[in-house]
Amino acid sequence: MGLSLALNSARSSLIATSAQVALAARNTAGASDPFYTRKIANLVATSGGSAVSIQRATDSALFDRKLSATSSVAASEAVLDGLTTLKGTIGDTDDGTAPAARLGALNAALLMAANKPDDAALARTAVDRARDLAASLAAGATAVQSVRAQADAGLADSVARINDLLTQFDAANRLVTNGTGSGADVTDALDDRDRILAGLSQEIGISTVTRAGNDVAIYTDSGVPLFERSPRRVSFTPTTTFSAGTIGAAVTVDGVPVTGANSPMPVHSGRIAGLAELRDGVATRYEAQLDGIANGLIDAFAETGTDALGNPVRAAGLFTAGPGGPVPNGTTANQLGLAARIRVNAAVDPQQGGNVSLLRDGGIAGTAYRSNPNPATNAAYPDRLRALAAALGADRPFDASSDLGTRSSLQDFATASTGWLSAKRQAATTNSDYQSTLLARASDAYSNATGVNADDETAMTLQLERSYTASAKLLTVINDLLKTLMDAVR
């Protein structure tokens, strides 16, 4: 081997080893970053020596699994958070503040009053229990509307973040494709692009396709394009007021709805999928259940009288929907659901100056609706109180939109409603735990395949230092030989 060739070989070896040492230090510095992937130095033979090409450790299948798991966790947690809010506000069947428990307390109070109808204190207790029940239904309705409003605001936040991430991805993708075309080291840029994809998958379920030149296209998990050469516009119009049963606006991608019942290609995961299901699915069904209880109460306690022609007419009795609200024989428009407006009739509520004796005698809606023929002399009249208790226990129809049975007693329906909410929350908790476990396993597997082991990098650095030392010694020997040769020539 000529001295010049040996010199070039030693020099290229030093350069290559220095690059490898620098790469090991780079890996060690990035070990704590969950989105940093291990960089690998490959020695490439060149004329007269070797050079280093850099690639990164990657596993596309594991990364896709991690993105999918991230989206599923975000969706399940969005639903669970809303159900937890509802559950914490409303309670369960063992909680005395739940509608089912307060309905049972009202029924018991009515039976006690019916056993001793001349006791005004018992009648007042029954009215108090009715007031508690109305307050419980109103609190539940308020909680539902709050959860729906929060979910709607969350959708607006998610859409804003999606658009921001797509803009960031556009810049990162251009950096990768341009660097790939020029032969530059784009491994860190690839990490940044993956970091953006991970953030995007939290908001919406996605799938990716890698094309020539390291270009990547992004689609929703249902196949709607989110990024193809350029980002697509994701839009959402927040709902200003939630009326009873109102379905909020859909999230759209270039005008195509990706949430809601009318979406041709609805997303299945990601935060927006969970929030949309919570806002227009779970919460609206529970709202329908509360409205069904309120409607049943107004109907069960309604009073029957006659009009001027002797025809039977019905009017709100103990429970009413409040000013301008519906009564059993008709409804009027109102933005709030029935559960939000139900209240005890002022005519029988002593806190509002009413007469509790009307609960026993009837006539809450006026003397034409009185049941007791002689209220002044027949204070022991039990018929109306017994009829009210019987009405509470009687089967009645309910709307199928409540997701419960279409016919049952009010007590059974209220109990089933509370159980339904508990079951939904338990199922959401189980699903969230399951999805979180899958994400942890996928993250661990991806980290094991592409992450940095600081101990391995330290060992590699020690080996490279020995190689560097050997190359330096060889360079020193060549330098001495060249010096000797030059001295001999002179």
Heavy-atom accessible area per residue - the stretch 81-223, 1.4 Å, Å² = 39
Once phi is turned into ³J(HN,Hα) by the Karplus curve 6.51 cos²θ - 1.76 cosθ + 1.60 with θ = phi - 60°, what whole-Hz value does each residue of the stretch 363-378 show in order, with x for glycine and proline?
-> x, 4, 8, x, 4, 5, 10, 6, 9, 6, x, 9, x, 5, 10, 10
In the full protein assembly as shown, how much of TYR381 is accessible to a 1.4 Å probe, in Å² to the nearest 10?
-> 30
Keeping the other protein chains in place, figure out the carbon and sulfur percent of the accessible area of the stretch 125-190, with a 1.4 Å probe.
-> 54
Per residue, accessible area of the stretch 389-453 with a 1.4 Å probe, heavy atoms of protein chains only, in Å², comes to 50
What list of ³J(HN,Hα) couplings, whole Hz, do you get for the stretch 266-275 from phi and the Karplus terms 6.51, -1.76, 1.60, once you set θ to phi - 60° and write x for glycine and proline?
-> x, 6, 10, 8, x, 4, 5, 5, x, 5
At the level of C-alpha centres, the distance separating the stretch 99-136 and the stretch 214-282, in angstrom, is 47
Amide H neighbours of VAL216 under 5 Å, at least 5 residues apart or on other chains, H built in the peptide plane: list them.
-> ARG211
Would you please give the residues with an amide H less than 5 Å from that of SER409, counting only those at least 5 places away or on a separate chain, with H modeled from the backbone geometry?
-> ARG396
Mind jotting down the distance between the C-alpha centroids of the stretch 144-171 and the stretch 364-414, whole Å?
-> 47
Amide H neighbours of GLY322 under 5 Å, counting only residues 5+ apart in sequence or on other chains, H built in-plane at 1.01 Å?
-> ARG343
Note, the stretch 123-129: 3J(HN,Hα) by Karplus (6.51, -1.76, 1.60, θ = phi - 60°), whole Hz, Gly/Pro = x, goes 5, 5, 4, 4, 5, 4, 5
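The values are calculated or read from the model by the stated rules, or taken from the named source; none is laboratory data. Worth saying up front: this structure is predicted, and the values here are computed from it rather than measured. Side chains are part of the model used for accessible areas, which takes the heavy atoms of the whole protein and leaves out ligands, DNA and RNA. Shrake-Rupley method; radii C 1.70, N 1.55, O 1.52, S 1.80 Å.
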